[in-house]
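The values are calculated or read from the model by the stated rules, or taken from the named source; none is laboratory data. Treat the numbers as computed from the prediction; the structure is a model and nothing was measured. A quick note on method: Cβ atoms are made from the backbone with ideal geometry, for glycine too, and the neighbour counts reach across all protein chains shown.
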Amino acid sequence: MWSAKFGPPFRFRAEALGAFLAALLLLLAAPTQAGEPPREPILRIETGTHGAVIKYIDADARGRFLVTASDDKTCRIWDAATGKPLRTLRPPVGRDANEGKLYTAAVSPDGSTVACGGWTEYGDSGGHAIFLFDSVSGKLLRCLEGLPNVIHSLAFSPDGTLLAAGVGGSNGIRLWRTKDWTLAGQDAGYDNVYGVAFDGKGRLAVTSYDGFVRLYDVGHGTLRLLAKAKSPGGELPFRCAFSSDGKTLAVGHNDAPRISLISVPNLDALPAPDADGTNDSLSKVAWLSDNRLAAGGMWDTAGQYPVRIWQDGGRGAFQDIALARSTLGGLKALPGSALAWAAMDRSLGVLESNGTARFSVAPALTDLRGNLAGFRLGQDGKTVSWTIWRTQNSACTFSLPGRDYRIGRPPEGLQPPRTAAPGLSVTDWEDKTAPKLGGNPLKLKDYEKSRSLAVAPDGKSFLLGTDWRLRLYNAAGELQEAPLSIPGTAWGLNIAPSGKVAVAALGDGTIRWYRLQDLREILALFPHPDGKRWVLWTPSGHYDASPGGEDLIGWHVNNGLDQAADFFPASRFRDQFHRPDVIDRVLDTLDVEQAVALADQTAGRVARSVDIARSLPPVVTILSPAGGHSFDKNTLTVKYEVRSPGGEEITGVSIQVDGRRAAEMPRGALAQSAQGQVQESTVTLPSRDARVAIVAENRHGPGVPAVIELRWAGAAPQAKGPLGRLYALCVGVGDYRSVTPKLNLPGKDAEDFARVLKLQKGTVYKDVAVKLLKDGEARREAILDGLAWLGENVRAEDTAILFMAGHGVNDDIDEYYFLPVDAEIRRLSSTAVDYGAVGSALKRIRGQRIVFLDTCHSGNLGKGMWNVNGLINRLSSSEKGVVVFSAATGQQFSYERPEWGNGAFTKALVEGLSGKAPRDAEGAITFKALDLYVDQEVRRLTGSDQTPVTAVPVGVPNFTVAVARKEGS
């Protein structure tokens, strides 16, 4: 719940003569020109789902799309049938922790327009704004500026002709005509409005924190109050919903476990639904089409937050269905008496009319609540462990040396936070608004709760973590630094035993390191809850990441108030910002600039600054068809716009279908393409569900692929996998000429893998061609010739596989090399196979591409000489479209034992392809099924000391790689 934020008087930019009289009085009191959002790029987390609480959910009239609004400053569109994300809408945001948070969203009945709002003021003047987006392209259509406070609620009328907004503070509601976005009316002067709902008879219901429910007539495009009454169920009426016949209004409350039923139009109280057993607010309501009533909110049962559904309009029996692990943020009735829901733990889903789940989308960040005693640090702060909220076996550990991310028992010697010291007693700090030092209150902001505490090792200062800030006090209770705004609640705090570094576990799923003396942030970690992916970064954007982890952060770039913002994942700036050598030094120097300078000096780099705003790749926007579009023919025309934010010439556009290149724009045509030019291309699609991705390039590199999911609606059977040929280059090197130590099994690994691939002839492949290079055959020139062989033979309908086992090393500037049999460590550039050769060869291949890497063997060339993460991320980048399996991650060893007959990775691969991996009824094995088996088996064999990873580019769906077949079958 947000406190009222009072702003300047309401201002609306009149755009039609018919609105002149209504707007004149408002304009007389108007402030100066609205504040502009910052132009400098802003580094943000992006997981593909919401990264903060979801506060609103809506749907179009046909129930095809869901729209959600979140404190993560995005509005997202979802396929209501499958739960797949369709589009992320990005309004401008500010650098302040609040500027850009979205509290509400609404979609027009026809699904064409999405409105969203929240804390959308930038700076101290200009007022808040409502943003109107085209749902298909994601383009910002219009901005309704000058609102005097935050926007808490939005709703379109059933015919789509009106948009209502509930405003924070004592500012009531606003109503616009959608045909020209002129103001139809307003009723200001009453408290925060969290609920606005239309019926089908030209009426609008409004719930306000002044305790009243209001009913308006809006049937003629104007606003006229019909009735006003106190809500009988509580002092803080929240959301409201009309019954399908419009005769009853349901009202939820934020201060009581009760639902009010109110007659329309008189607003008389009716008997309330049975709320027995509820223990907290029932603030969200939805009226299903079969006259059942649904409600939920902060009410929980044993840590689960249910929805209660009553029969017979709230008068009959009820059923409680658990939905989430946190407060429900919104409920929305769908056609067929289905119910869409969203929760503040970032989850959402749809319940069918019978109470079963159509789908649910889990949050994609670690829930760090409950990290008081369990948040532990090593001596220098470089190793940290934490717990996951209400999860068994939830202890996790991350160690910066070696980049080791593990789920399980943390290592010995890590210290919990200190919460007291001689002469220093902090009380009432756990989930309280009035913490005390020695009995004296420590002043916080209104509604701000203290959540965590850490006392410095010398007992002379302490750090207090709250919902919004970190506060550093001395032993006398005096603030040592100005409170620091943080991007999420400080659920855990600790100060390293060295006394130099403070670490926080925050509500946005991150672990962040701060220099204790001045609370300056120096490093952040986002550990993905899958237990594999992670990304580390500095405030300046230098980062290191696991395979598949580098796009968990990126740069948000505002384009003013009149255009949607852009988002560029970190991988788009890999060459400038992928700096594991900087990350290695940050906690030693406690200064990012010094860490960069030291790393540059060590590697012989020339120091240079990077202006991201002047180094932006192109942006592609697919205009049609929309995501989720159904097709029944094998050709489809795709309409898209390509623009280059910095005005650079676009040098290439590639269209991929299911990860295979399907079309490219001729370079001659590109030379004449203007910024923002609309293009059309016809692509061939398979007779099955398909994924189309379009990516453009300029001199700064490839942009972010624009991706749409398409549904096959034709009569032809869906193909199980590719019908072309399989070409495989299998390389295994252990018997090196001059490199030590030698390895025993890579040659056999390559031979065994090649053998199992040959068995696939006549399954999902018409034919199989394998080139095997083992030990003495695996010279540098032979490997390069093999890569060229793949490029010369693989066609669009074919599949290419590259398997490489042996030693791999990084040079001083982090370039990765595979060592052939004739490699010399002192002459890597001329005797080894570098990433550039492999990447260029794979990029030229038009068919499906899979790479299997086993290049980090135990007994390697020396600690710190290899780190495979950068190679995996480069190969699996979206413009290359390569699926990459790696035997290990980071600086982990890849193990081999004689009793296995292979390295652990190859043993699992061969077994998986032979039938032990999960498969469908026809025996087909997809790459995700193979990944699942390999991951589990390698962990079992090595006691989790080796962690295989698979990186999948954007735009590549799961596909069949093999059919279970053993030798002799």
Which residues, taken from the stretch 148-182, are in contact with a Lys or Arg (Cβ under 7 Å, 6 or more places away or on another chain) and over 27 Å from SER244 (Cβ atoms)?
-> ASN149, VAL150, VAL167, GLY168, GLY169, TRP181
Every residue from the stretch 572-611 that is at pLDDT below 90, among the hydrophobic types (A, V, I, L, M, F, W, C) and either more than 15 Å from ASP812 (Cα to Cα) or part of a helix (DSSP H, G or I) (or both) | ALA603, ALA607, VAL610
Among all residue pairs at least 6 apart or on different chains, which show Cβ distances below 7 Å where the first residue, located in the stretch 226-249, is of a type in the set (Phe, Trp, Tyr) and the second is surrounded by fewer than 24 Cβ atoms within 10 Å (Cβ to Cβ) and in a loop (DSSP other than H, G, I, E, B)?
-> PHE238/ASN254; PHE242/ASP199
Taking only the stretch 429-462 into account, find how many residues are touching a Pro at 6+ places or on another chain (Cβ under 8 Å) and hydroxyl-bearing (Ser, Thr, Tyr).
-> 2
Restricting attention to the stretch 612-627, the residues that are part of a loop (DSSP other than H, G, I, E, B) and either at positive phi or of a type outside the set (Ser, Thr, Tyr) (or both) number exactly 6
If you go through the stretch 108-158, how many residues are assigned to a loop (DSSP other than H, G, I, E, B), closer than 24 Å to ASP96 by Cα and of a type in the set (A, V, I, L, M, F, W, C)?
-> 2
Picking from THR831, THR906, the residue that is surrounded by fewer than 24 Cβ atoms within 10 Å (Cβ to Cβ), polar (S, T, N, Q) and at pLDDT 90 or above would be THR831
Report the residue count in the stretch 726-775 for those that are in contact (Cβ under 8 Å) with a residue 12 or more places away in the chain and either at positive phi or assigned to a helix (DSSP H, G or I) (or both).
-> 14
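Among residues belonging to the stretch 415-437 that are assigned to a loop (DSSP other than H, G, I, E, B) and of a type in the set (Val, Ile, Thr), point out the one that is surrounded by the most Cβ atoms within 10 Å (Cβ to Cβ).
THR419
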Selection count, the stretch 384-405, where residues are polar (S, T, N, Q), crowded, with 16+ Cβ neighbours inside 10 Å and either closer than 21 Å to ALA324 by Cβ or in contact with a helix residue (DSSP H, G or I) (Cβ under 6 Å, 6 or more places away or on another chain) (or both) = 2
Cβ-Cβ below 6 Å, separation at least six or inter-chain, first residue in the stretch 888-911 and in a strand (DSSP E or B), second among the charged types (D, E, K, R) and surrounded by fewer than 24 Cβ atoms within 10 Å (Cβ to Cβ): which pairs?
-> none
Quick one: LYS228 ticks every box in (1) under 26 Å from LEU328 (Cβ atoms); (2) among the charged types (D, E, K, R); (3) not in a loop (DSSP other than H, G, I, E, B) except a single one, so which number is it?
-> (1)
Of those in the stretch 438-468 that are surrounded by fewer than 19 Cβ atoms within 10 Å (Cβ to Cβ) and in a strand (DSSP E or B), the residue nearest to the chain's Cα centre (by Cα) is PRO441
Of all the strands (runs of 3 or more DSSP E) wholly in the stretch 280-359, which have at least 1 residues that are farther than 21 Å from ILE388 by Cβ and of a type in the set (S, T, N, Q)?
-> 318-324
Yes/no for VAL692 being assigned to a strand (DSSP E or B) and touching a Lys or Arg at 6+ places or on another chain (Cβ under 8 Å) = no
Within the stretch 123-132, which residues are farther than 18 Å from GLY160 by Cβ and in contact with a strand residue (DSSP E or B) (Cβ under 9 Å, 6 or more places away or on another chain)?
-> GLY126, GLY127, HIS128, ALA129
For the stretch 102-135, which residues satisfy the criterion of being among the charged types (D, E, K, R) and at pLDDT below 95?
-> GLU121, ASP124
Pairs only if they're at least six apart or on different chains, beta carbon under 9 angstrom, first in the stretch 330-345 and of a type in the set (Phe, Trp, Tyr), second not in a strand (DSSP E or B); list them, first residue then second.
-> TRP341/SER347
Just to be sure, is TYR216 in contact (Cβ under 8 Å) with a residue 12 or more places away in the chain, buried (at least 24 other Cβ atoms within 10 Å of the Cβ) and either among the hydroxyl-bearing types (Ser, Thr, Tyr) or not in a loop (DSSP other than H, G, I, E, B) (or both)?
-> yes
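Out of ALA250, ALA256, ALA272, report the one residue that is assigned to a strand (DSSP E or B) and hydrophobic (A, V, I, L, M, F, W, C).
ALA250
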How many residues does the stretch 182-198 contain that are surrounded by fewer than 21 Cβ atoms within 10 Å (Cβ to Cβ) and part of a loop (DSSP other than H, G, I, E, B)?
-> 4
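Only one residue in ILE801, ILE708, ILE783 is closer than 30 Å to HIS629 by Cα and crowded, with 16+ Cβ neighbours inside 10 Å. Which one?
ILE708
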Go through the residues of the stretch 776-795 one by one and say whether even a single one is part of a helix (DSSP H, G or I), of a type in the set (Phe, Trp, Tyr) and closer than 28 Å to ASP658 by Cα.
-> yes
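Looking at this structure, is THR419 closer than 30 Å to GLY439 by Cβ, hydroxyl-bearing (Ser, Thr, Tyr) and modelled with pLDDT of 90 or more?
Criteria met by THR419.
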Inside the stretch 526-555, the number of residues satisfying the requirement of being assigned to a strand (DSSP E or B) and either outside the structural domain of SER450 (by TED's automatic domain parsing) or closer than 16 Å to PRO569 by Cα (or both) is 11
